[in-house]
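The structure appears right after this line, and notes come after that.
Rule-based calculations on the coordinates, nothing more; no lab input. These numbers come from a predicted model, not from an experiment. Positions of Cβ are generated from backbone atoms using ideal geometry, with glycine treated the same way; all protein chains shown enter the neighbour counts.
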Amino acid sequence: MTRRKGHISGLYLSIACASLLYGAEAELGTIDVEASVDTEVIKDIHGDDIKSADVAEALYRQSPSVALQRRSGIANDIIVRGQNKDNIAVTIDGAKVHGACPNRMDPPISHVLANNIDYIEIDQGPFSVEDFGALSAGIKIHTIKPSKEMHGDLNLNFGSWGYQKGSFSTSGGLGSVRFLISGSAEQSGQYKDGNGDDFVGQIDNNIKEGKVPASAQYQPKYQDMDAYKKKTAMAKLFWDITDNQELRLGYTANRSDNILYPSSKMDAVYDDSDIFTAEYIARELGRYSKELNINVYNTTVEHPMSTMYRKSAAMMGFEMTHKLNTNVQGAKIKNSFELENHTITTGIDYSLRNWDGGYYKNGIAFPEMKFHSIYDVDTKNIAFFASDKIKYDKLVIDLGLRYDDTTVTSASIKQQDNDYNELNGYITATYHTDDISSYFVGLGKSSRVPDAKELYWVGSKGNPVGTPNLDATINYELDLGLEKQYENSSFKAKVFYSMLDNFIAFNASSVKMIPINGTPTPVTWNAYENVDATLYGIELSGTYIATESIYLDYSLAYQVGEKDTPLTGQSGTNMPNIPPLKLIAAINYDYDDTLNMRVEVVAADSWSDFDAENGEQELDGYAVLNIKATKTLYSSFDVTIGVDNLLDETYAISNTYKDLILLATPGNEVMLMNEPGRYIYTNVRYKF
């Protein structure tokens with residue numbers, strides 16, 4: 001497999017050069033972001049979540065509204081409020097990011113690592129007009145920024161199953177220029193579940209139970225492979241052009257090799273991404289420009305997946321490869337100004353995503369009619385948006401409008417073009433009764449267009465899996481919330497009710513039997529269809545300070561989803577990907593800023609309401625105990641020791657919706673992937 005060249009040498013050069021830099025003692029800080037009732041801010045990704053690079057796992061552990069979709073030891077996906085995929089808009093420093101894999105092996109959130117993140121905003125609901133396609137939520141990832149004083153840190157991580165990671169960051173400034181360089185390298189063996197089974201063992205168990213064919217197992221020579229290897233580098237340059245003008249340049253590179261996906265038919269040979277950002281900020285330009293912001297970006301992802309490690313390749317005598325790449329170019333211009341009690345923002349948002357992929361047999365492309373899985377598809381969006389935040393003493397009214405004009409076109413003359421136009425908007429009100437209480441109500445509408453997979457995807461048999469005439473999905477949502485802040489405690493509650501018009505659902509009943517080499521073979525045709533649905537839920541969270549050193553925190557989330565009518569040929573109406581009741585509760589101990597301990601329980605009810613006709617299955621409830629302690633030594637060294645899943649429970653949290661291609665039998669038995677068992681880890685951090 002030929003790999004993209006040109007950035008690899010730069011990646012290692014950046015790491016080598018940065019290792020020569022040093023500076024005065026300092027600590028990377030977290031920007032203080034004030035979260036509104038409808039926004040959740042995760043502030044401690046960089047400092048505390050040092051177990052692995054997987055941001056999906058970090059969010060699952062810290063937010064009740066986020067569920068994890070486990071695919072491997074890394075590069076996992078998320079569900080927010082019962083929605084996933086393109087129903088969630090992900091940006092990294094303002095750059096729109098998409099994965100290249102139609103099977104979600106490289107979801108957008110996997111293209112940034114926990115050690116490079118400052119904080120993450122989760123904007124729940126349709127209450128922002130600045131980003132394209134934020135149907136149920138917007139995930140805004142903000143990476144660490146350069147500082148004026150020279151400082152940095154070095155980290156070494158070790159854990160069960162051969163996990164090893166080294167990372168660094170260094171930052172400083174000279175005059176009007178600031179810079180930051182960071183890098184990391186990590187690898188891990190195959191994790192073991194609570195039964196002691198690694199990836200090979202989990203597949204073996206499913207073969208014995210008749211859930212997957214024997215050809216799905218790894219070949220003997222590959223059964224001891226690591227689960228993944230990953231390297232990253234990030235560089236930033238901030239230039240204060242004048243007192244009120246600033247230029248910010250950023251580049252992030254991710255290089256992953258040999259990522260095993262045991263519950264899928266293929267594994268990733270490599271997964272590469274490059275994110276370029278440039279942002280110009282001008283402040284106080286005049287009465288009608290308090291801040292002008294111009295942001296341009298380019299993101300690319302290359303992702304080949306293959307059967308080369310599986311017995312199927314040896315049994316069939318050839319290796320199947322599905323190679324895809326995607327590129328997003330975008331720009332956003334927005335201007336804000338104040339007029340009496342109004343803060344008004346207007347802007348233009350543009351993005352162009354290209355997605356292309358094809359099938360190969362022993363490195364040779366399939367015949368033209370069957371080669372392209374996604375045939376050079378462009379999704380072009382241009383939007384105009386405006387918002388106004390109005391302050392009346394204790395009341396804040398926020399309203400916004402966005403008009404989207406989107407075209408989706410394929411290079412194939414056999415696939416129709418699609419054009420979508422939509423006016424979206426919202427109005428919210430937040431009332432602060434006093435220093436203790438805040439109340440929130442919001443009503444909004446947002447939309448997202450079908451992606452190239454849902455419209456045009458062609459299977460390896462030449463069958464059209466996508467449905468070319470899908471409508472855009474519209475979300476009409478009502479949110480209510482309240483927040484209480486007391487002297488030694490806090491409480492936050494949110495409820496939402498969402499009506500989804502033309503939700504894009506996968507219909508497993510779309511399989512047809514066609515003769516291939518004289519044998520009737522099940523093949524999927526036009527698997528996606530629009531259906532109206534209703535989704536609602538509740539979220540609770542809070543803290544309680546028991547003593548000067550001990551405090552408690554908790555959070556809970558619960559959602560329900562129903563299709564208005566069954567899909568074609570089906571009778572059930574349960575929505576897919578609706579996780580059961582989830583609870584996170586913890587006791588924290590802080591002593592003199594030098595010793596921090598956390599004992600945490602993450603629990604969920606059984607997954608008893610599920611979309612059985614489309615591959616989901618009942619999952620047992622679980623309760624997992626995690627413990628972590630961090631000790632600061634001599635002000636510059638932090639040592640962290642932790643144990644996840646202390647009681648070595650065997651459980652699964654990711655269901656088996658057939659929108660993902662997972663290992664299965666013709667009888668529709670689908671392989672369920674267990675979570676890691678007891679995981680012991682340690683981290684040593686040196687700050688300078």
Nearest-20 debye value, the range 606-688 charge dipole, Cβ charges on Lys, Arg, Asp, Glu
920 debye
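When Rg is the radius of gyration of the Cα atoms in the range 290-331 and Rh is its Kirkwood radius, what does Rg/Rh come to?
Numbers: Rg = 19.6 Å, Rh = 13.5 Å.
Value, to two decimals: 1.45.
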If each of Phe384 and Val495 carries a label point 7 Å out from its Cα toward its Cβ, how far apart are those two points in nm?
3.9 nm
Charges at C-beta only: +1 for Lys and Arg, -1 for Asp and Glu. How large is the resulting dipole of the range 140-204 about its Cα centre, in Debye rounded to 20?
600 debye
Cleavage-rule hits (trypsin sites (Lys or Arg not before Pro)) in the range 324-414: DSSP loop, at most 15 neighbouring Cβ within 10 angstrom
Lys394, Lys414
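Divide by every residue of the chain the summed helix terms, -39500 (n - 2.57) for each DSSP H run of at least 4, and state the resulting mean residue ellipticity at 222 nm, rounded to the nearest 500 deg cm²/dmol. Provide the component values of the computation, followed by the final result.
Working: 7 runs with 48 residues, N = 688.
So the helix-based figure for the chain works out to -1500 deg cm²/dmol.
Which of Met671, Met105 comes first, and how do the rest follow, when ranked by fewest Cβ neighbours within 10 Å? The partial results should precede the final answer.
Working: Met671 21, Met105 25.
Ranked by crowding around the Cβ, least crowded first: Met671, Met105.
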Taking the Cα-to-Cβ direction at Leu647 and at Asn205 and moving 7 Å from each Cα, how far apart do the two end points lie in nm?
1.8 nm
How many angstrom separate the Cα center of the range 193-237 from the Cα center of the range 493-544?
27 Å
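Among Glu548, Glu675, Glu454, what is the fewest-to-most ranking by other Cβ atoms within 10 Å? Don't jump to the answer; show the numbers that get you there.
Values: Glu548 8, Glu675 21, Glu454 24.
In order of increasing Cβ crowding within 10 Å: Glu548, Glu675, Glu454.
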What is the order of His142, His372, fewest Cβ neighbours within 10 Å to most?
His142, His372
Please compute the length gained on full extension between Ser549 and Met315, using 0.36 nm multiplied by the number of residues separating them and subtracting their Cα-Cα distance.
78.1 nm
Taking the range 215-357 on its own, what percent of its Cα-Cα pair distances exceed 24 Å?
54 percent
Given the options Thr39, Asn463, Asn626, identify the residue whose Cα lies farthest towards the positive end of the charge dipole of the chain (+1 on Cβ of Lys, Arg; -1 on Cβ of Asp, Glu).
Asn463
Would you be so kind as to identify which of Thr428, Pro515, Gly201 lies farthest towards the positive end of the dipole of the chain, taking Lys and Arg as +1 and Asp and Glu as -1 on Cβ and the Cα centre as origin?
Pro515
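Which value does Rg/Rh take for the range 8-687 over its C-alpha atoms, Rh per Kirkwood?
Value, to two decimals: 0.95.
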Using alpha-carbon positions, what is the distance between the centroids of the range 413-450 and the range 124-151, in Å?
16 Å
Name the residue farthest towards the positive end of the dipole of the range 389-485 from the options Leu443, Gln485, Thr407, assuming +1 on Cβ of Lys and Arg, -1 on Cβ of Asp and Glu, about the Cα centre.
Thr407
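For Ala585 and Thr407 in the same chain, what is the full-extension length gain: residue separation times 0.36 nm, less their Cα-Cα distance, in nm? Walk me through the intermediate numbers first.
On the way: separation 178, 0.36 × 178 = 64.08 nm, distance 4.54 nm.
Full-extension gain reported as 59.5 nm.
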Relative contact order for the range 8-687, counting Cα pairs under 8 Å that sit 6 or more residues apart, in percent
12 percent
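Using a simple charge model, +1 on the beta-carbon of Lys and Arg, -1 on the beta-carbon of Asp and Glu, nothing else, what dipole does the chain show about its Cα centre, in debye to the nearest 20? Before the final figure, lay out the partial values.
Details: 62 positive and 93 negative charges, 465 e Å.
My answer is approximately 2240 debye.
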Inter-label distance, nm, simple model (7 Å from Cα along the C-beta direction), Thr632/His342:
4.7 nm
